[in-house]
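Single-structure report; data block below.
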Amino acid sequence: MTKEKSKKPVASGHEKSSPQKLSLHVPEPKTRPGDKPDFSYVRISPVGETPRPALDVSAIEIRDLAFGMVRVLDDQGEAQGPWAVELEEDVLRKGLRAMMRTRAFDKRMQRAQRQGKTSFYMQATGEEAISVAQQMVLRKGDMSFPTYRQQGLLFAQDFPILEMMNQIYSNEKDALRGRQLPVLYSFKKAGHFTISGNLATQYIQAVGWAMGSAIKGDDKIACGWIGDGSTAENDFHSALVFAGVYRAPVILNITNNQWAISSFQGIAGGEATVFAARGVGYGVPALRVDGNDFLAVYAVSEWAAERARRNLGPTLIEWITYRAAAHSTSDDPSKYRPKDDWEHWPLGDPIERLKQHMIKRGMWSDEQHVQAEAEYDEEMRVAAEEAESYGTLQALEHRPSPAEMFENVFEEMPPHLRRQRQEMGV
Amino acid sequence: MSMIEAIRDAHDVMMARDENVVVFGEDAGYFGGVFRCTEGLQQKYGKHRAFDAPISESGIVGAAIGMATYGLRPCVEIQFADYVYPAYDQIVSEAARIRHRSNGEFTCPMVVRMPVGGGIFGGQTHSQSVEAIFTHVVGLKVVMPSNPRDAKGLLIASIEDPDPVIFLEPKRIYNGPFDGHHERPVVPWSKHEDGQVKTGYYKTELGKAAIAREGREVTILTYGTMVHVALAAAEETGVDAEIIDLRTLLPLDQEAIEASVNKTGRCIVVHEATRTSGFGAELCALVQRHCFYALEAPIIRVTGYDTPYPHVNEWDYFPSPERVGEAMKQILEA
């Protein structure tokens with residue numbers, strides 16, 4: 001071999017920076033308590049402009065959709081553009097009812113916590129459309145891996161509210177035997193996976209569950225749920241790698257409600273890019289969607305579910321919404337964001353927007369709406385009263401027996417647990 | 001001062017003394033942490049020294065290791081000990097061994113703080129006592145204060161320590177010395193002697209236990225919230241117990257333990273954490289080995305049961321003054 005002179009590019013002196021003092025960038029939200037709400041940072045596409053791609057697209061082909069925003073309902077409540085699927089009246093009625101009942105339930109349980117009847121509660125106010133509409137495109141046997149703010153999944157299938165309340169009250173009828181923190185439900189019969197309470201851990205499990213369905217030649221799909229904040233956890237990234245590599249039949253949802261307790265979405269990486277863009281890098285087709293637009297959520301969920309069912313693989317969806325209430329009953333958002341933020345949220349209230357659309361289509365009226373609200377409030381009051389008769393945190397004599405804490409640690413109780421149970425004297 | 005204020009004060013003192021001290025964690029910047037232990041630090045020392053972190057415990061600890069090896073002294077917060085597991089690899093495989101594997105070329109002077117323990121109806125994701133998974137790791141120091149005065153002194157010592165320190169804060173006693181009597185209101189720290197916290201800089205040496213109560217009949221080895229439960233048990237049973245507040249689990253004050261057990265001839269170990277392979281097992285082994293001829297009865301452990309931490313049955317699980325008192329009576333009869 002002859003020795004050749006390597007042709008290395010010669011660095012020009014101009015490209016080298018002179019020594020300079022570095023500084024750390026820490027993202028900061030546009031507004032803090034006392035400021036005028038300002039959502040100019042939220043990139044919003046015009047209604048109806050985002051194309052509806054073929055089901056078998058690649059992540060690269062639709063990369064623009066990760067940065068855009070699928071929107072169907074305009075300010076007048078009209079459905080516009082290629083994602084505007086004509087939904088039948090009973091679908092819309094069901095959706096509105098589920099969202100309204102979710103909100104009525106939240107209101108009642110929030111109050112119960114304030115009265116000391118339970119230790120903790122988490123509302124989904126302002127985000128109801130996302131879980132409700134997605135559940136409506138799922139089939140029996142599919143499995144959702146929710147976070148603590150997807151109670152809409154249960155309302156969309158008319159799940160018995162008494163069972164939910166019994167869990168919240170940790171009472172004698174609680175199916176989880178008082179083990180779990182309120183709202184960390186487990187309802188397998190409703191395709192609702194046991195919520196762990198740790199963040200992001202279950203996103204990759206949704207992918208694994210979907211891979212299981214593919215391995216067995218089944219026809220079930222899975223849905224993973226995560227918040228904007230928790231996309232920073234490793235498990236989010238593992239989930240996207242596995243989903244992309246094995247083309248798992250899974251819908252990967254990111255609920256971007258702008259806040260992770262007190263941290264705005266910029267702290268999770270939402271300042272420099274959008275969360276849907278994460279999918280592009282992992283080869284997972286990704287869309288960014290108006291999460292307060294029931295019709296958009298329904299249409300995009302249906303599209304993603306169809307991709308999964310046809311063995312075309314995973315879809316990542318970033319739902320843009322706003323956490324209107326506190327993170328939980330332990331949180332006070334007035335400490336870190338303007339009090340009236342939610343009233344200025346540019347994508348509005350999902351219930352009001354669907355209501356407007358239905359009124360426009362002659363399916364609904366303001367009077368019916370007010371009547372329905374009262375009906376659901378009353379329904380929740382009556383159900384709560386019954387649930388409370390089985391015990392609350394204030395009536396601990398009704399709680400599941402302490403002996404039960406030793407059960408289901410293992411299928412068969414090992415001797416050391418038997419001894420400890422005896423020691424407890426129960 | 002409450003324990004929260006004492007911890008905040010320790011941060012403040014150290015950030016003022018040493019500009020290499022930086023603080024970050026989930027909600028720890030602008031808001032000052034969900035328990036408010038870092039409140040006001042960002043406003044006082046700037047965003048580059050006290051800031052919010054993404055929800056990524058492995059990221060928080062991994063970044064802290066990077067900063068520590070650069071030359072800073074990061075003191076980071078994990079929101080609840082129950083969330084620390086994603087960071088376990090960074091702590092165990094990296095922070096704990098960097099000094100040893102580089103033969104001292106790189107070191108990791110870092111503090112990882114986290115609230116531990118139950119008593120707040122937090123269920124299995126806000127109640128765990130994780131000390132044993134850290135004391136089992138070589139290369140980590142593990143600290144758990146039981147009152148505001150120690151919390152401040154120990155945190156300052158931890159921040160100044162040249163090695164990684166896991167700093168465990170019993171959240172149930174953040175506001176007052178909870179003694180297990182959940183039916184009674186908790187007396188705030190401001191009315192307690194150990195709530196009288198000195199201003200300014202002081203250190204409480206790592207590796208030194210404290211005698212929370214002197215006694216002659218039985219030694220209680222404990223730490224954190226359980227110090228107060230043991231004190232209540234001694235008072236209620238009238239047993240003249242010597243209560244040792246270990247304060248630092250690693251390195252352990254073996255001398256204090258031996259001196260006490262050799263004096264009383266009886267030993268009870270109390271911790272909130274689950275029993276099997278808990279830190280109590282280590283204490284029992286040490287006492288057995290070094291105080292065997294002084295022991296007049298088998299050592300008893302009073303601990304949490306080997307089940308996930310319950311929600312509604314919290315008070316059946318939490319080691320109560322009654323359970324500790326029963327053990328005291330039992331060991332005296334033996």
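The values are calculated or read from the model by the stated rules, or taken from the named source; none is laboratory data. What you see is a predicted model, and the numbers here were worked out from it, not measured in a lab. Methodologically, a virtual Cβ is constructed for each residue, glycine included, from the backbone with ideal geometry; neighbour enumeration extends over all protein chains shown. These accessible areas exclude ligands, DNA and RNA; they are computed on the full protein's heavy atoms, side chains included. Shrake-Rupley method; radii C 1.70, N 1.55, O 1.52, S 1.80 Å.
Miscellaneous remarks
- Cα lying deepest toward the dipole's positive end in chain B, options B:V302, B:S58, B:G118, charges on Cβ: B:S58
- Chain A: radius of gyration over Cα atoms, expressed as a fraction of 2.2 N^0.38 Å: 1.10
- Across chain A, the relative contact order, built from alpha-carbon pairs under 8 Å that are at least six residues apart, equals 23 percent.
- Cα centroids of segment A:12-77 and segment B:147-187: 43 Å apart.
- Between A:E28 and A:D158, the distance separating the two model label sites (each 7 Å from Cα on the Cα→Cβ line) works out to 5.3 nm.
- Every Cα-Cα pair of segment A:39-79 was included, and the share exceeding 11 Å stands at 70 percent.
- According to the Kirkwood relation over distinct C-alpha pairs, the hydrodynamic radius of the protein assembly as shown is 28.1 Å.
- Across all C-alpha atoms in segment A:314-426, the radius of gyration and Dmax reach 23.7, 67 Å.
- Separation in nanometres of the label points that stand 7 Å from Cα toward Cβ, at A:E385 and B:E205: 6.7
- Once the 1.4 Å probe is applied to the protein heavy atoms, chain B comes out at 36 Å² accessible per residue.
- Contour minus Cα-Cα distance for B:N103 and B:L295 (0.36 nm per residue): 65.0 nm
- Summarised in one figure, the compactness ratio Rg/Rh of segment A:147-242, Cα atoms and Kirkwood Rh, is 1.00.
- Seen from every direction in turn and averaged, the convex hull around the alpha carbons of segment A:35-105 projects onto 7.9 nm².
- Within segment A:129-265: Cβ-based charge dipole about Cα centre, in debye rounded to nearest 20 (Lys, Arg +1; Asp, Glu -1): 280
- The residues packed around B:I4, meaning those with a beta-carbon under 10 Å from its beta-carbon, carry a net charge of -1 if Lys and Arg are +1 and Asp and Glu are -1.
- Sequence-ordered 3J(HN,Hα) estimates for segment B:59-64 from the Karplus curve with 6.51, -1.76 and 1.60 and θ = phi - 60° stand at x, 4, 6, x, 5, 4 Hz, glycine and proline given as x.
- Dipole magnitude (debye, nearest 20) for the protein assembly as shown, charges at Cβ of Lys, Arg, Asp, Glu: 1900
- The Rg/Rh ratio for segment B:107-248, using Cα coordinates for both the radius of gyration and the Kirkwood hydrodynamic radius, is 0.97.
- Per-q log10 I(q)/I(0), segment B:3-195, q = 0.08 Å⁻¹ (Debye; single scatterer per alpha-carbon; no solvent): -0.24
- Quick note on segment B:165-220: its Rg to Rh ratio, both from C-alpha atoms and Rh being the Kirkwood radius, is 1.00.
- Think of a 1.4 Å ball rolled over the protein heavy atoms: segment A:63-397 then has 35 Å² of accessible area per residue.
- Enclosing the Cα atoms of segment B:1-80 in their convex hull gives a volume equal to 79 cubic angstrom per residue.
- Short-range pairs are left out: with C-alpha atoms under 8 Å and at least six residues apart, the relative contact order of segment B:210-333 is 29 percent.
- Remark on segment A:53-193: ratio of C-alpha radius of gyration to 2.2 N^0.38 Å is 1.23.
- Positive dipole terminus of the protein assembly as shown, leading residue within A:L138, A:M211, B:N147 (C-beta point charges): A:M211
- Listed pairs A:K36/B:K198; A:K216/A:K355; A:K107/A:K188; A:K117/A:K355 exceeding 31 Å between Cα atoms: A:K36/B:K198; A:K216/A:K355; A:K117/A:K355
- Computed over the alpha carbons of chain B, Rg followed by Dmax gives 19.2, 60 Å.
- Sites A:D75 and B:L286 - FRET efficiency at Förster radius 60 Å, r taken between beta-carbons, to 0.05: 0.25
- Tail fraction, Cα-Cα pairs, segment B:230-294, threshold 13 Å, whole percent: 66
- Dipole of the protein assembly as shown, positive direction: furthest Cα of A:W342, A:G291, A:N166, with charges on the beta-carbon: A:G291
- Its alpha carbons give segment B:210-333 an Rg and a Dmax of 13.4, 43 Å.
- Mean-square fluctuations from a GNM of chain A, with a 10 angstrom spring cutoff on Cα atoms, peak among A:E378, A:E412, A:E86 at A:E412.
- Remark: relative contact order (segment A:117-229) = 30 percent; criterion is Cα-Cα distance under 8 angstrom and separation of 6 or more residues.
- Pair A:M413, A:T273: separation of 7 Å Cα→Cβ label points (nm): 5.2
- Helical mean residue ellipticity (222 nm; -39500 (n - 2.57) per DSSP H run of 4+; nearest 500) of chain A: -11000 deg cm²/dmol
- Here's the list of lysines a cross-link from A:K21 could span, going by alpha-carbon distance under 17 Å and ignoring same-chain residues fewer than 8 apart: B:K47.
- Nearest-20 debye value, chain A charge dipole, Cβ charges on Lys, Arg, Asp, Glu: 1720
- Using a 1.4 Å probe over protein heavy atoms, the accessible area lost on pairing A with B, summed over both chains, comes to approximately 3400 Å².
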